[in-house]
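Single-structure report; data block below.
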Amino acid sequence: MKMEDFRLDGKVALVTGGTYGIGYAIAKGLAAAGATITFCDIKPELVEKGLASYKADGIKAYGYVCNVCDEPAVQEMVAKIEKEVGVVDILVNNAGIIKRIPMIEMSAADFRQVIDVDLNAPFICAKAVIPSMIKKGHGKIINICSMMSELGRETVSAYAAAKGGLKMLTRNICSEYGGYNIQCNAIGPGYIATPQTAPLRERQPDGSRHPFDSFICAKTPAGRWLEADELAAPAVFLASDASNAVNGHILYVDGGILAYIGKQPN
Ligand code: NAP
Ligand code: GCO
């Protein structure tokens, strides 16, 4: 083993939904390891915001306005990246949404929208980058799964279905394209303090902690929410030659939630 196996110099990374949150944290990590960062977001103003954030962090990034559910738009974006920056060596399928609605109250349209962003879009983006990865002779795909790839809970039926499907899409890309030296793995974050989970951490009107906040801290051996930056090094590992023998793996970065029955209430 050589330490340069963990470097990403000369590699182009595409991080979907990379304006903030987990995507941004992972992109910063990939940049620190030498990768050139490209990212997309739906809203032009968020792409501008993201570019400013990357610049403030000393990272020359390339931003693209793209709805990852729109296959022609994704194909066009990947072609532009290949022309303007280079072939995508590393794809991080990070963009995602969640709708917390009791299943029998959830509309089919809402269910379909979550599936579209969290499962169909990773398929669309992987399909867009794999042909050039095959030509280049290598590629890395990192899907962002979830605790809900393994566990269910009230109100997140669509999200859990999508993230469970994303786990198997990860394994199938590994199976179908591993022979072309393409490694497709996933990161399964635990509970991360980002805008997506902000509603679960909000202080109650009486100033007390949100019940879910206390619940998650009791379910995590370290007794805390994780930070998005704690996902960066695992992502660098899966994006680098250091993980060339790892394929179809879901790397849970969850602080031990999946291993722990939970702290007994006082
Ligand atoms: P977030 O703060 O909501 O950020 C999601 C990003 O994805 C935003 O930039 C969002 O852009 C973008 N996005 C959403 N739909 C898109 C689309 N159709 N096309 C392009 N971009 C789109 O979420 P996060 O907490 O960072 O989570 C990122 C990923 O990690 C998601 O896949 C999530 O399911 C997963 N995850 C999160 C946690 C957690 O605890 N936070 C744990 C496990 C897994 P807009 O702002 O324009 O919507
Ligand atoms: C929720 C949370 C989770 C996290 C994450 C956990 O409502 O339970 O949003 O789904 O986002 O996916 O790994």
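The values are calculated or read from the model by the stated rules, or taken from the named source; none is laboratory data. Model, not experiment: these values are computed from the prediction. Methodologically, a virtual Cβ is constructed for each residue, glycine included, from the backbone with ideal geometry; neighbour enumeration extends over all protein chains shown.
Cβ-Cβ distances below 7 Å connect the following pairs, each with a first residue in segment 144-171 that is under 18 Å from ASP110 (Cα atoms) and among the β-branched types (Val, Ile, Thr), a second residue that is modelled with pLDDT of 95 or more and within 10 Å of ligand 1 (Cβ to nearest atom), and a separation of six or more residues or different chains: VAL156/ILE98; VAL156/MET148.
Kindly check whether there is at least one residue in segment 129-144 that is part of a loop (DSSP other than H, G, I, E, B) and not aromatic (Phe, Trp, Tyr). Within segment 129-144, one or more residues are part of a loop (DSSP other than H, G, I, E, B) and not aromatic (Phe, Trp, Tyr).
One residue stands out in segment 98-147 among those that are touching a Gly at 6+ places or on another chain (Cβ under 7 Å) and within 11 Å of ligand 1 (Cβ to nearest atom): the one that is farthest from ASP5 (Cα to Cα), namely VAL117.
Which is assigned to a helix (DSSP H, G or I), under 25 Å from LYS99 (Cα atoms) and among the aromatic types (Phe, Trp, Tyr), of TYR159, TYR177?
Working: TYR177 fails: under 25 Å from LYS99 (Cα atoms).
Criteria check complete, one pass: TYR159.
Take PRO189 and tell me if it is within 20 Å of VAL92 (Cβ to Cβ), touching a residue at least 60 places away in the same chain (Cβ under 8 Å) and either in contact with a Gly (Cβ under 7 Å, 6 or more places away or on another chain) or not hydrophobic (A, V, I, L, M, F, W, C) (or both).
For PRO189, the condition - within 20 Å of VAL92 (Cβ to Cβ), touching a residue at least 60 places away in the same chain (Cβ under 8 Å) and either in contact with a Gly (Cβ under 7 Å, 6 or more places away or on another chain) or not hydrophobic (A, V, I, L, M, F, W, C) (or both) - is met.
Screening MET77 with (1) touching a helix residue (DSSP H, G or I) at 6+ places or on another chain (Cβ under 7 Å); (2) buried (at least 17 other Cβ atoms within 10 Å of the Cβ) gives one miss only, at (1).
Of all residues in segment 134-148, those that are more than 15 Å from ligand 2 (Cβ to nearest atom) and surrounded by fewer than 24 Cβ atoms within 10 Å (Cβ to Cβ) total 5. Here segment 105-133 is the region considered, the condition is being touching a Lys or Arg at 6+ places or on another chain (Cβ under 9 Å) and of a type in the set (Asp, Glu), and the residue that is surrounded by the most Cβ atoms within 10 Å (Cβ to Cβ) is ASP118.
Evaluating ILE257 against the criteria (1) surrounded by fewer than 20 Cβ atoms within 10 Å (Cβ to Cβ); (2) within 13 Å of ligand 1 (Cβ to nearest atom); (3) over 30 Å from GLY137 (Cβ atoms); (4) aliphatic (A, V, I, L, M) leaves one unmet condition, (1). Contact annotation: residue pairs with Cβ atoms under 6 Å, 6 or more positions apart or on different chains, pairing a residue in segment 241-266 that is assigned to a loop (DSSP other than H, G, I, E, B) with a partner that is among the small types (Gly, Ala, Ser), are ASN247/GLY178; ASP254/GLY190; GLY255/GLY190; GLY255/ALA222; GLY262/ALA218; LYS263/ALA218. Within segment 199-216, the residues that satisfy the criterion of being away from ligand 2 (no atom under 12 Å from the Cβ) and part of a loop (DSSP other than H, G, I, E, B) are GLU202, ARG203, GLN204, PRO205, ASP206, GLY207, SER208, ARG209. Does segment 71-78 contain any residue that is assigned to a helix (DSSP H, G or I), under 25 Å from LEU119 (Cβ atoms), more than 9 Å from ligand 1 (Cβ to nearest atom) and among the acidic types (Asp, Glu)? Yes: one or more hits. Note on segment 79-119: among residues that are in a helix (DSSP H, G or I), over 21 Å from ILE130 (Cα atoms) and among the charged types (D, E, K, R), the one that is farthest from ligand 2 (Cβ to nearest atom) is ARG112.
In the set (1) within 14 Å of ligand 1 (Cβ to nearest atom); (2) surrounded by fewer than 22 Cβ atoms within 10 Å (Cβ to Cβ); (3) closer than 20 Å to CYS184 by Cβ, the condition left unmet by THR38 is number (2).
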